[in-house]
Every structure is written in structure tokens, then in C-alpha cells.
Amino acid sequence: MRLDPLGNPSSVAARQDGAAVAVRARGLSKRYGDRVVVDGVDLCVRAGECFGLLGPNGAGKTTTLRMLLGLTPPSAGSIEVLGLPVPARAREMRRRAGVVPQFDNLDPDFTVAENLATYASYFGLKGPGLKARIAELLEYAQLADRADAPIQALSGGMKRRLTLARALINDPALLVLDEPTTGLDPQARQHIWERLRRLLNQGRTLILTTHYMEEAERLCDRAAIMDHGRIVACDSPAALIRAHIEPHVIELRARDADTFLGRPHAFAGVRVEHVGETVLLYAHDRERLLAAAGALPFIQRPANLEDVFLKLTGRELRD
Amino acid sequence: MERSLSLPRPSLRFLPVWRRNFRVWRKLMGPSIVGNFGEPLLYLLALGYGFGRMVGEVGGVPYMTFLASGIVVSSAMTAASFEAMYSAFTRMHMQQTWSAQLHAPLEVEDVVLGELLWAATKALINSTAILLVAAGMGLVGGWQALWVLPVTLLVGFCFAALAMIVTALARNYDVFTYYFTLVLTPMLLLSGVFFPLDSLPAVVVAVVRLLPLAHAIELVRPLVVGGEPTGVLLHLAVLAGYALLGLAVSSRLIERRLRR
């Protein structure tokens, strides 16, 4: 196996074949007793793209990822990842996949560098190339000066970067990331995004789940929105916005939102949505929108993926 | 789940799991070695001298020798059980070490086998330390005592596999206390570690002979004393039987727990 993960990975070959598919799932379902967590999901992730799996808590995103990785068997449906049937040949598939789990499972009994070396051993990687490889990944994660630090001494952002570096130890063609930036500060998130972008530029396939619509809009070539175990829409972020949301949006916040709702607020050609302390006005015609807002202070912005998300998955709280 | 057939030497995939635990142990080797040697030494000196004075000979050997051979076995049982419960549960549940291993190309069976063999290794380390202490005190009868080492490896695997069933079902650490108190301690007290089996009522002896510890002791004691065990095949079969049962049941339970 080649030990040059950050230069020119093996997945480039797959990308040159324009129609190459990294992941294909058909009729994927997962039931626990009477509870249906994933309900007939069809997925197709192209090689070399960044694919987002979006949805409220409990929508079935993590369970879907676990099935794709062969970590839990589906109740129904078929999966093929990197050309291999899963779960039948999941172990072989995972030799060429990397995983960034939702919750850090770095090994607390080891230092930063030892974590990479130990994880490499699970893949059977060894030899002189491995040392160089670990040095390179520490550089990539900006942890070279922390190589001998215990895991407990790392900040949340450092842990995430190390987990990401660890997932690259086997030069994976496919990277699966479950909420890679949840809980990180803005700097740390920018850092992770930049590193994920580099991986995309190298031709790797990325599948990620996220609650941050900005993150999905920024990184994902295509995104699927999941709700109640089903995929309710799947396309590029721009196409999703075009298909589901009027081009002009106004936000009224807090007291202004209350004031707006306290008056008659039905306007022809204007869609009114109320989420938490915000009122959102959508329209094809900008003038109508401005008229609806009247003299209230408002924020005008382009439609975004969050609008699509709220429209398709509803506004009630999910826990 | 269907197994992949294309990977070579599938039986060795447990090795990185074993090696991971070994590396952690090596980091903390100093204090644990002190414990490995120190504790049995204390037991032997205190119990051996104390009881030995009163008891004199048991079954034709000095009590100290009798006791040493028993403790070689019981410490293998305790070390392996402890490792397969508290330590393995910590790695499975608290630290999520297993989940990281399962994200790599390892399966549940590789992780379980690696953990059991590691627990057996800990048993071997502990028993070796006691055997060395006993030899230093002149309690070991001959070179045949070296056969004790592979036996303690099997004893360790056997008790680790049984303990792993408890771990597979555990929701927290509390249940391990029950297992120690209700299963292991009675077995320890009644299986001939501290006094010979024939001083117990026949019914108790019959029950104890269905359990693995008594068989382990009947293998190890003659080897330490300088003699030759009898009924070797039966003893090995009982230990191997419990080992395989524990391996099969615990693997199944953990597969179900982690793959749901």
C-alpha cells in the first residue's frame, strides 16, 4: 500500500472514471422492534464528491452511516461501498475507508503520536514508511509539536484534528465523518473545513453529517435531507434552494417578530414562517416582501440551505 | 454475518488488539510488577508461616508448598477475570477503544479474542511471578513446574472467557462485584486452594468438580510439588470446554451489543 496520503491518493484513479460511484444503497432500512429508524433510503455518492447527510436529531443519519460502514447490519436493502458489498465484505472495504466518529474515541492510554501508531497497527500497517507517514499526518493536523502530549492535554479542536489525521492513516479513498465540527469554536471549524477541502482536492470521497447548514452549503457538492428515516430531498445545495425556497428572504427578530405577528399578517405572494423568536418572510417579488415588513427593522438576505431544511423538516423541536 | 474469505491468515487479526493492551501494560509495568511479586510474597509468608506452623503437612507436602501451588492457580483466575471485566468494560464502554478498533478492518470476534488472550497473558504474568517467588523460597519440587506456565495460560483464557460473558451483559461496574462475590470467591474457597478438597462434604466436592478451578489445581499442584498429575486429559478438557463455551457465548453477546 502506498504511504503518501497527502500527495496523490489512490482514489484519483476512481475519479478519472467519470461515472464512478463510491457508495450505492438501495431500499436501506433499519428497525429496532417496532421502531423504524431508517426507512427505505436510496443513496448514491459519486467518487470524489463531498456528500452531506442533513437532518434533525433522530432522523437516522448516524444509523445510515453505521450501516454503510458495516458496523450494523441493515434490516433490509442492499449496500455497495467502494465496489464491495456491505456488510458481507465490510472488513475489506474498511481497509480503504476512514472514519471520524461523532464522539471522540481517541485512546486515552496513549500520546498523540502513539494514537496514530496504534491505529495504524489495526490496519496491519508497519515498516519504515509508517514513521514518515505519522510525521506527515501530525504536520497535517498541526500537532507536530504535540506528538508526545497525552490526549487529555488536547483541546477539543486538537482532538478533532487528531481524529481526522487518524482516519487518514490508511490513505482512504472514502472518508466518513459524523458531525466533524460539532462543539468546535469558529477558528477550529475553519481549520477543519480547510483540511477537508484539501482532501477533496486530492480526489477523496467525503460523506459527512452536520447540523450546520452553512457547513453543508460550503463543503458539499450534494446533500440529502433526511427526516424520520427517509430522504426527503437530495441535490446540490444551490439546486435545493432554487427548488424549495423563494429567492427573497426577510428576517424579523425578537420584539419585531412579535410586533409583526401581533398585526394582521397575511400578504398575497408572501410566505410567512415563524421559528422560535424569528419570523421569516419569503417571496418571489422583492417589493411585496418589503411592503409586508413595513416599517419594522429587518434583515434581508439570500435564501439558504437552512430555509430548505426548516421547510422540509418542519419547525417543531426534535430531541 | 458473512465472513470475508479473501484476507490471509484470518486467525492472527487479534494480534493488534493484544499488542495494544500489552503496550499500555508496558508503560505502567513498574508498579504492576511490584504488585505481581509483592502480593503473593506477602500471602505466602503470612499465611504459609502462620498456618504452616499449626497445620504442618497437608496431603504429604508442607502447607507452604500446598498453598503456593494453589495461589499460582487462583491468581491466574483472579487476574484474568479482573482484566476481562473491569479493564475490558472500560475499553468497551467508557473509553470506546473497541469502537475505534471496529472502525478499522477488525471484527468483533478479533477484538474479543485479542482481549481474552491478553487477559490470559496477564494471568500468565501473575502466575509466573508467584512461581518465581515460590521457587526462590525453595517451595518448587522440580523442573516439571515449567508445565505450569502453559496451564495458567489456559486457566487464564478460561476464566477470562467466562468473565467476558458478564462484561457483555454489564450496564455498569456494579455487576462485576456480584460475580466476584457470588461466583469466584466461593469457587476460590471451595476448590482446594487453601485446604484439600477431601475435607469437604461429598456433595460440595461433586459440585466443585463441575467447575473449572478445581481441575486447574489438580493439574498444577502436582507439577509444583515435583510430581505428576493424573487425569490430565479430563482436567484439560474441562478447562478447554469452559473456555470455548465462554468464547462462543461472550462473542455472540458482544456482537449483538455492539452491532445493533
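The values are calculated or read from the model by the stated rules, or taken from the named source; none is laboratory data. Worth saying up front: this structure is predicted, and the values here are computed from it rather than measured. Cβ coordinates were reconstructed from backbone atoms using ideal geometry, including for glycine residues, and neighbour counts include every protein chain displayed.
Brief remarks follow.
- So residue A:77, is it under 23 Å from residue A:211 (Cα atoms) and either in contact with a helix residue (DSSP H, G or I) (Cβ under 9 Å, 6 or more places away or on another chain) or within 7 Å of chain B (Cβ to nearest Cβ) (or both): no
- Taking region A:143-168 as the range and being in contact with a Pro (Cβ under 6 Å, 6 or more places away or on another chain) and away from every other protein chain (no Cβ under 12 Å) as the test, only A:168 passes.
- Test: residue in region A:285-296 that is closer than 28 Å to residue A:45 by Cα, out of contact with any Asp or Glu (no Cβ under 8 Å at 6 or more places or on another chain) and assigned to a loop (DSSP other than H, G, I, E, B): no
- Here is the figure for region B:90-113: residues that are charged (D, E, K, R), within 10 Å of chain A (Cβ to nearest Cβ) and in a helix (DSSP H, G or I) total 2.
- Only listed residue being of a type in the set (A, V, I, L, M, F, W, C) and within 17 Å of the chain's Cα centre (by Cα), chosen from A:154, A:162, A:208: A:208
- When region A:119-151 is filtered for residues that are of a type in the set (Gly, Ala, Ser) and under 26 Å from the mean Cα position of the chain (by Cα), the ones remaining, listed by number, are A:120, A:141.
- Listed by first and then second residue, the pairs linking a residue in region B:23-41 that is within 13 Å of another protein chain (Cβ to nearest Cβ) and in a helix (DSSP H, G or I) to a residue that is among the β-branched types (Val, Ile, Thr) and surrounded by 12 or more Cβ atoms within 10 Å (Cβ to Cβ), with Cβ atoms under 9 Å apart and 6 or more places separating them unless they lie on different chains, are B:23/A:118; B:25/B:121; B:25/B:125.
- Output for region A:147-158, where each listed residue is outside any loop (DSSP other than H, G, I, E, B) and buried (at least 18 other Cβ atoms within 10 Å of the Cβ): A:151, A:157, A:158
- Count - residues of region A:61-92 that are over 19 Å from the mean Cα position of the chain (by Cα) and in a helix (DSSP H, G or I): 3
- Matching helices (runs of 4 or more DSSP H) fully within region B:139-204 where at least 3 residues are farther than 20 Å from residue B:249 by Cα and under 19 Å from the mean Cα position of the chain (by Cα): B:148-169, B:185-190
- Any chance residue A:175 is within 30 Å of residue B:259 (Cβ to Cβ), in a helix (DSSP H, G or I), out of contact with any His (no Cβ under 9 Å at 6 or more places or on another chain) and aliphatic (A, V, I, L, M): no
- Any hit, region A:93-111, residues being part of a strand (DSSP E or B) and away from chain B (no Cβ under 14 Å): no
- So residue A:163, is it at pLDDT 95 or above, among the polar types (S, T, N, Q), within 26 Å of residue A:49 (Cβ to Cβ) and out of contact with any Gly (no Cβ under 9 Å at 6 or more places or on another chain): yes
- Which numbered condition residue A:259 misses (of (1) of a type in the set (Val, Ile, Thr); (2) part of a strand (DSSP E or B); (3) more than 20 Å from residue A:308 (Cβ to Cβ)): (2)
- Residues satisfying the stated conditions in region A:112-142, i.e. surrounded by fewer than 20 Cβ atoms within 10 Å (Cβ to Cβ) and away from chain B (no Cβ under 14 Å): A:127, A:128, A:129, A:131, A:132, A:135, A:136, A:139, A:140, A:142
- If you go through region B:170-221 and pick out every residue that is surrounded by fewer than 21 Cβ atoms within 10 Å (Cβ to Cβ) and under 19 Å from residue B:131 (Cβ atoms), you end up with 2.
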